[in-house]
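Heads up, the thing below is written out as structure tokens.
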Amino acid sequence: YLPAIERLPKTNQDVEEAIYEELSRLPESYSRDALQLNSAERFLSNIKRTGRWGLESVPLQQLWAEANSWPSDSQLTNLSSALMGRILYSLGHARITKADLDTRGTQLKILLTLMGEQECVFKPKWYPIEKSIEGPVYAGKDRYGSEIVGFYLSVLLDKPFVPASVERTISLKYDVLPVATNRLLNVSLEKENRSCVFGQCFYCSKEDPICDNEGNLLTGAVIFNVRKSFSSYRSPWQRTYKKRKKAAWEDSVDYCSAVKTRLHKKRLLDLIDVAIFDFLLQNGDRHHYETLDDNIVWLDNGKGLGNPYVQHLDILAPLYQCCLIRKKMWQVLLSLAGGALSKYMKLMPDIQNVLTEPHLRAMEQRLRLVFATVEFCKGRHDMRIFDRFCHKSGHFEFAPNTSR
Ligand SMILES: Nc1ncnc2c1ncn2[C@@H]1O[C@H](COP(=O)(O)OP(=O)(O)OP(=O)(O)O)[C@@H](O)[C@H]1O
């Protein structure tokens, strides 16, 4: 055996190999029977409260007013609201009264206004859900299902920072173009007798429009548009998006010490929370992050669910380079072990339309990789580092040993 110091990984590749080694001997305790998740149970029972989606009639204006009152310093979405089911139902069914270009971001999206004056973002379905996206983690166009599964995953993680998101099938021909603004009409066309929109964005082109199918229908994600302004920051773990050029974080195992000098601890722990969420979802394109009242909001989750046969462990770099995790996040992750993640994901509304079995299995495997990463950190560092958590005051504290 090498002395401990010589066994310390020198590159990120060594770290990833060490994590896989930990995975191969992950303690049994990480496979214990699934626990009951109170937050998810509450969410599900609220959805079912008044029929499948909460069909009792509440005026739409009142409903949207409620949803718009949620975003604050502690949440974007009130996951325990009794009106949640009704809001999801309305996102999926309320009449579209206006449709406009959404020029934010780099990918095609449409800004819909629903009856009752609620704006939402429509991200279309570009691929069948079974399609595996090859190439780098950021390859391909948005996956609409990733936005929806991202919302459900935020429920399971008890992190209310993802806007409500549902699957919806609309008709460009009958629902959208008749109420479209001129600027949206200007970027629409007819192709082989079907209505299409090519939009206006970095990756938009007339040659690559999104179109109704032969039945004049188009499926996508309808995402509640949060009426707040966010501050945007470059992620310290941003990729270079160039094959031959590595980012600083990819080149050094000790990268986190530099980040710690620039960011306060709460922000760092927030970034680690998001990295875990992104890793589970395989959302590897968080080049920037946005905050509301100093909390990171988990917007733009459309690059997940690309390839269920690849893990992209480097999305977890903030965790394995800093070896810090918020205590609450850790406890929630433990409660998802032993199959609870799959069990609750399968209970989410219409999940089979957006999440395939291979993707769900991949999420389970990634959860185990998160556990293996924590085991790696425990082996490499003093256990107290891993046990650190953050008080509201922003100071690190040492918690009692939480090993299982
Ligand atoms: N549901 C929403 N509520 C409020 N703002 C939103 C919402 N969705 C997107 N935005 C805003 O629009 C911006 C662009 O959206 P998004 O990141 O989803 O698009 P994108 O095309 O994937 O962008 P990029 O390619 O730059 O990642 C976000 O950074 C955010 O500021």
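Here's the yes/no breakdown for (1) farther than 30 Å from residue 340 by Cβ; (2) crowded, with 20+ Cβ neighbours inside 10 Å; (3) at pLDDT 95 or above:
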{"site": "131", "(1), (2), (3)": "no, no, yes"}
{"site": "144", "(1), (2), (3)": "no, yes, yes"}
{"site": "154", "(1), (2), (3)": "no, yes, yes"}
{"site": "157", "(1), (2), (3)": "no, yes, yes"}
{"site": "181", "(1), (2), (3)": "yes, no, yes"}
{"site": "203", "(1), (2), (3)": "yes, no, no"}
{"site": "209", "(1), (2), (3)": "yes, yes, yes"}
{"site": "223", "(1), (2), (3)": "no, yes, yes"}
remark   = residue 347 vs (1) in contact with a Gly (Cβ under 8 Å, 6 or more places away or on another chain); (2) closer than 30 Å to residue 227 by Cα; (3) not β-branched (Val, Ile, Thr): all pass except (1)
query = How many residues does segment 266-291 contain that are in contact with a strand residue (DSSP E or B) (Cβ under 8 Å, 6 or more places away or on another chain) and either in contact (Cβ under 8 Å) with a residue 60 or more places away in the chain or not aromatic (Phe, Trp, Tyr) (or both)?
reply = 11
query = Name the residues in segment 108-125 that are more than 18 Å from the chain's Cα centre (by Cα) and either more than 12 Å from the ligand (Cβ to nearest atom) or within 15 Å of residue 218 (Cβ to Cβ) (or both), would you?
reply = 108, 110, 112, 113, 114, 115, 116, 117
ask   = Given 195, 188, which one is more than 24 Å from residue 129 (Cα to Cα) and surrounded by 16 or more Cβ atoms within 10 Å (Cβ to Cβ)?
value = 188
Matching residues, segment 228-265, being free of Cβ contacts under 8 Å to residues at least 40 places away in the same chain, open to solvent by 50 Å² or more (accessible area, probe 1.4 Å) and within 16 Å of the ligand (Cβ to nearest atom) = 229
query = Any chance segment 177-191 includes a residue that's in contact (Cβ under 8 Å) with a residue 40 or more places away in the chain and in a strand (DSSP E or B)?
reply = yes
ask   = What are the residue pairs meeting all of these: first residue in segment 34-57, first residue closer than 16 Å to residue 152 by Cα, second residue at pLDDT below 85, Cβ atoms under 7 Å, and 6 or more apart or on different chains?
value = 47/53; 47/54
query = Which of the residues that make up segment 1-46 are closer than 28 Å to residue 317 by Cβ and at pLDDT below 85?
reply = 1, 2, 3, 4, 5, 6, 7, 8, 9, 10
key: Failed item, numbered, when residue 58 is tested on (1) modelled with pLDDT under 90; (2) open to solvent by less than 90 Å² (accessible area, probe 1.4 Å); (3) touching a Gly at 6+ places or on another chain (Cβ under 8 Å); (4) more than 28 Å from residue 376 (Cβ to Cβ)   = (3)
task = Residue by residue through segment 304-361, note down the ones that are among the small types (Gly, Ala, Ser) and outside any helix (DSSP H, G or I).
result = 304, 306
query = Looking only at segment 80-103, which residues are within 14 Å of the ligand (Cβ to nearest atom), closer than 17 Å to residue 178 by Cα and open to solvent by 20 Å² or more (accessible area, probe 1.4 Å)?
reply = 100
task = Name, by its number, the condition in (1) within 18 Å of residue 135 (Cβ to Cβ); (2) more than 16 Å from the ligand (Cβ to nearest atom); (3) among the β-branched types (Val, Ile, Thr) that does not hold for residue 315.
result = (2)
task = State all residues of segment 293-306 that are open to solvent by 10 Å² or more (accessible area, probe 1.4 Å) and more than 19 Å from residue 121 (Cα to Cα); if no residue qualifies, say none.
result = 293, 294, 295, 305
request  = Run down 77, 106 and say which single residue is assigned to a loop (DSSP other than H, G, I, E, B) and surrounded by fewer than 20 Cβ atoms within 10 Å (Cβ to Cβ).
outcome  = 106
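The values are calculated or read from the model by the stated rules, or taken from the named source; none is laboratory data. This one's a predicted model, so the numbers in the text were calculated from it and none came from an experiment. In this analysis, Cβ positions are derived from the backbone assuming ideal geometry, glycine residues included, and neighbour counts consider all displayed protein chains. The area values use the complete protein model at the heavy-atom level, side chains included, leaving out ligands, DNA and RNA. Shrake-Rupley method; radii C 1.70, N 1.55, O 1.52, S 1.80 Å.
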